[in-house]
Structures are given as C-alpha cells and as structure tokens.
Amino acid sequence: MSVLEDVEHRAEHAQVWVAEAAENVVAAVTLTFAGQPYSEIATDGELEFRRAQQKHCRCPATPPRRPA
C-alpha cells in the first residue's frame, strides 16, 4: 500500500478531510502543522494543506447549502 492509499496512518498523524459524492469518497486532503510527520514545507505557526487523493467525479453541480 502506498503512503497516499494509507489513509488510516495519515489520520493517526494529521487531520484528514474527505469529500463525498453519491455516498462515495471522491477526494481527501491532509491538514498538518509544522513539525508533524506529514509536514514537509510548513514553518512554525503555519498549516500545511496537502491533497492526497482525488477521483474523477461526474456529479451534477449543486448550489451550496446555507444554514437555516
């Protein structure tokens, strides 16, 4: 399994956010701070945002939902 496929390991060492469409995960990003295992370029006080996976999605465009 590649580093990008090992989402469980990434989630143990950083925050992992996923995007879903039609109940399928279509993308994942990793959020990490300076000094954490998945951080490569962040310096003190910075957050590193890394796209880890993305799949092609043919889903209809929908407007964002607004809170009630």
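In this entry, Ala19 passes the filter for residues that are surrounded by 11 or more Cβ atoms within 10 Å (Cβ to Cβ), hydrophobic (A, V, I, L, M, F, W, C) and modelled with pLDDT under 90.
Select from the range 22-38 the residues that are within 18 Å of Phe49 (Cβ to Cβ) and not aliphatic (A, V, I, L, M) and write down the one among them that is surrounded by the fewest Cβ atoms within 10 Å (Cβ to Cβ). The extreme case among them is Gly35.
The values are calculated or read from the model by the stated rules, or taken from the named source; none is laboratory data. Keep in mind that what you see is a predicted model, and the values were worked out from it rather than measured. Every residue, glycine as well, gets a Cβ built from its backbone with ideal geometry; the counts of neighbours run over all protein chains shown.
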